[in-house]
Amino acid sequence: MKLRKFSVAFAKDTNLYLWIIAISVLIIGIFDYRLGIAGILVLIYLVVHNMRTATRKKEELRLYVENLSESVDTATKNAILNLPFPLVIVDEEGFINWYNTLFVNIFEGEYILDKRLSSYLGAVDLGRILKNGTEEFKYVNVKDRYYDVYCNLINLKENSTERNIIIMYLVDKTDFIAVKNKYHDERTVISLLQVDNYEEVLKDVEELAKPAVIAEIDRRIKAWASLSNASIQKYSNGEYILHFTYHQLVEMEEKRFDILDSIREINSGNRTPITISIGVGVNGKTIAELQRFSHSAMDIALGRGGDQAVVKDNDKLSFYGGKTKAVEKRTRVKARVIAYALRQLIEQSENVIILGHEMPDLDCLGSALGIYRCCKNLNKDVKIVINKVNAAIANLWHELEEDEEYNDAFIGSQDAILNCTKNTLVVVVDVSRPGFTECRQLLEKTEKVVVIDHHRRGTEFIDNAVITYIEPYASSTSELVTEILQYMFEKSKIKQIEAEALLAGIFIDTKNFSFQTGVRTFEAASFLRRVGADTTLTRQLFQDDMETFLTRADVVKSATMFKNNIAISRIPSEAKYPALVAAQAADELLNIKGINASFVLSQVNGDVFISGRSLGDINVQVVLEKLGGGGHLTVAGAQLPGISINDGISKVKAAIEEYLREGEK
């Protein structure tokens, strides 16, 4: 190109000089014609010489360009042929037009010309390449090796036709993947292991048998750790810390932490089944963060009732086990400590707001009234948040309306937000998931939050609480609040309607003391009876009208069986109080011989609500957790937004099948 530009510039300068000479000869000829003739002859010679020189230089330039093109073509061909990467050229339809030796060697010399590329590189999307022009496909698996595939679309013009070809070259990433996988598998994992009921078990064991029970627990845990090549250290009675790799964690997960079953089978003189909880921290950026993950996972496992393993991978939680009933703790030490701490918080707060869950039931409202009485006895301004009265609490609500004391006891969410300051204490009862509360914004407006609940802890949790009192063994939140009332004051001052509300909460969640009932449940009920609760009046708080009774009977009648022992039914769209009837019908179905679990679905405002009940053989909490719900082994619920009941039934069946498959592993 430089030579060509120089030639053009030179030609333009020469022509200028010839014109100057011609003008000079003309001027000379005017004064002397003989010199003019001589000048013309010289000018003619110069013109002829210039033409010959220009022609020669053009020919030289042409030959130079042609030789340069041939050199470039040869270099390009040699570069492509000798490229140290597998390379293939395909047409727009995906047929292979050309490939180099390295590419065909991947397929062991197989003849692949004119065959479709998809048969060999199925992960490569030709549509994306034709659309974008250039494309990159990462870690394409070919013959047990991994390649990054780089693609370029090239438009060829031949004579009057045009066509596109795609050039692809592959970069082998197998060694990188191997190193990456090795690093991934060898990451450190920290786990905490704790015997849930260590003290309770030893209390029930004869003195001579205690060493045998302790030794058997220790032996089985250490044998499991040794089999998994884990480092284990016992740092307290029934408490261990383990270190192992991510690869070993995967093996534990595949076996679904079989140590849970092994410990439960110990029979060395203990009358109470022994259970353990495991908290695993993985993928932390530092050892300290791994330690925090494992502690958080352990808190969740204990909050869900124990007898399970929880793996915390950053924000992701995985659950294993948890299919047995939470073991009742007979000691009330924790209840006394919580009562004392809660009293201090109430006294130090400007005001108190009590927050329950959406669509509150008798347990939710009863426990809220119990905390309301605690605050009133301490002369604190207290409000209960209720946005809408539903059928489940209608009878109790009518009783409260007749008492002037409760005229200003209840407020809606908007008023609650206005009354909430940084020095406001928010007490959350019967729920621990912020998204299920009556007013989530309250949890963000104050730094003082207390959670009192009896449901197993889920993945979503109120994690900024000052006090968290979650006991899955308890029958109800009303039971927990009743114990707090007993320890907060030497002589508990409680109104009859509040005592009956608390007793109704226990009644409704235990199905009249049939499910999830322990020694402390009866003790709480006994206390409420002593302070004035009338069991006859309490029973009236959850009486139904005739229409609700008949609807419930129809739902039970229309139930269908799934997997031989699971009943599934639905609430008619025109039914009154669908969510309430669903819960009642699910309870009624368990009274039928041969039914071990029941699921009843209702639709409210476009959302499907699921009530799950079980006799204990099937953990409805684990089933409904797969649908975003939660609860207890025998009582659980879930909410599916924006779907039909038919789709909801399909999802329930899929969750049951997944649960049963996990149980077979």
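The values are calculated or read from the model by the stated rules, or taken from the named source; none is laboratory data. Predicted model only: the values in this text are computed from it and were never measured. Ideal geometry is used to build each Cβ from the backbone, glycine not excepted, and the neighbour counts take in all protein chains shown. To get the accessible areas, we keep the full protein, side chains included, count just its heavy atoms, and leave off ligands, DNA and RNA. Shrake-Rupley method; radii C 1.70, N 1.55, O 1.52, S 1.80 Å.
Looking at the square roots a ≥ b ≥ c of the eigenvalues of the Cα gyration tensor of the range 184-227, which shape do they give, rounded for a/c under 1.5, prolate if a/b is larger than b/c, or oblate? Mind dumping the intermediate values first?
Numbers: a/c = 6.40, a/b = 2.38, b/c = 2.69.
Here the range 184-227 falls in the oblate category.
Could you work out the helix-only [θ] at 222 nm for the chain, with each DSSP H run of four or more residues adding -39,500 (n - 2.57) and the total divided by the number of residues, to the nearest 500 deg cm²/dmol?
Mean residue ellipticity at 222 nm (helix-derived): -14500 deg cm²/dmol.
Among all the aspartates and glutamates, which ones have a C-alpha under 13 Å from K222's C-alpha, if same-chain residues fewer than 8 places away are not counted?
Those aspartates and glutamates meeting the cut-off are E239.
Once phi is turned into ³J(HN,Hα) by the Karplus curve 6.51 cos²θ - 1.76 cosθ + 1.60 with θ = phi - 60°, what whole-Hz value does each residue of the range 218-227 show in order, with x for glycine and proline?
Result, rounded to whole Hz: 5, 5, 5, 5, 5, 5, 5, 5, 5, 5.
How long are the three semi-axes of the equivalent ellipsoid of the range 259-373, in whole Å, if each is the root of 5 times an eigenvalue of the C-alpha gyration tensor, listed from largest down?
On the way: eigenvalues 201, 100, 46 Å².
In descending order, the three semi-axes are 32, 22, 15 Å.
Counting only DSSP beta bridges with both residues in the chain, tell me the antiparallel percent, nearest 5.
Values: 72 of 103 bridges.
Bridges in the chain that DSSP calls antiparallel: roughly 70 percent.
Taking Cα atoms, how many degrees apart are the long axis of helix 477-488 and the longest axis of the chain, rounded to 10 and kept between 0 and 90?
60
Using a 1.4 Å probe, how large is the accessible area of K255, given in Å² and rounded to the nearest 10?
110
Just to check I understand the Karplus step: with θ = phi - 60° and J = 6.51 cos²θ - 1.76 cosθ + 1.60, what whole-Hz values come out for the range 129-138, glycine and proline as x?
5, 5, 7, 9, x, 10, 7, 9, 10, 8
Summing +1 for each Lys or Arg and -1 for each Asp or Glu, what net charge is found among the other residues whose Cβ lies under 12 Å from the Cβ of L317?
-1
Whole-Hz Karplus ³J(HN,Hα) for the range 604-609, in order, using 6.51 cos²θ - 1.76 cosθ + 1.60 and θ = phi - 60°, x for Gly and Pro?
10, 6, x, 9, 9, 9
DSSP beta bridges in the range 353-438, what fraction antiparallel, as a percent rounded to 5?
Approximately 10 percent, going by the DSSP bridge assignments.
Give me the net charge for the shell around R220: Cβ to Cβ below 12 angstrom, other residues only, Lys and Arg +1, Asp and Glu -1. Kindly include the intermediate steps, with their values, before the conclusion.
Details: positive: R219, K222, R264; negative: E216, D218, D258, D261, E265.
Around R220, the charge tally is -2.
Could you work out the local net charge near D185, counting Lys and Arg as +1, Asp and Glu as -1, over the other residues with Cβ closer than 15 Å to its Cβ? Present the calculation step by step, with values, prior to reporting the outcome.
Values: positive: K180, K182, R187; negative: E186, E251, E253, E254, D313.
Neighbour charge sum, excluding D185 itself: -2.
Over the Cα atoms of the range 149-238, what Rg and Dmax result, in angstrom?
That works out to 30.9, 101 Å for Rg and Dmax.
Please state the relative contact order of the chain as a whole percent: Cα pairs under 8 Å, 6+ residues apart? Can you show the working numbers first?
On the way: 1178 pairs, mean separation 46.4, N = 665.
The normalised contact order for the chain reaches 7 percent.
Quick one: grab Rg to one decimal and Dmax as a whole number for the chain, Cα atoms only, in Å.
Rg, Dmax (Cα atoms, Å): 41.2, 150.
For F527, what accessible area in Å² do you get when you roll a 1.4 Å probe over the heavy atoms of the protein chains, rounding to the nearest 10?
20
Can you give me the C-alpha center-to-center distance between the range 592-665 and the range 205-248, rounded to a whole angstrom?
That distance is 35 Å.
What order, most packed first, do the peptides 389-400, 538-549, 294-305 have when packing is the mean number of other Cβ atoms within 10 Å of each residue?
Details: 389-400: 17.7, 538-549: 15.2, 294-305: 23.0.
Descending mean neighbour count gives 294-305, 389-400, 538-549.
Taking all protein chains in place and a 1.4 Å probe, what share, in percent, of the accessible surface of the chain do carbon and sulfur account for? Let's see the in-between values first.
On the way: 17970 of 34270 Å².
Carbon plus sulfur share of accessible area: 52 percent.
Helix 496-510 versus the longest principal axis of the chain: what is the Cα-based angle in degrees, 0 to 90, to the nearest 10?
Around 60 degrees separate the two axes.
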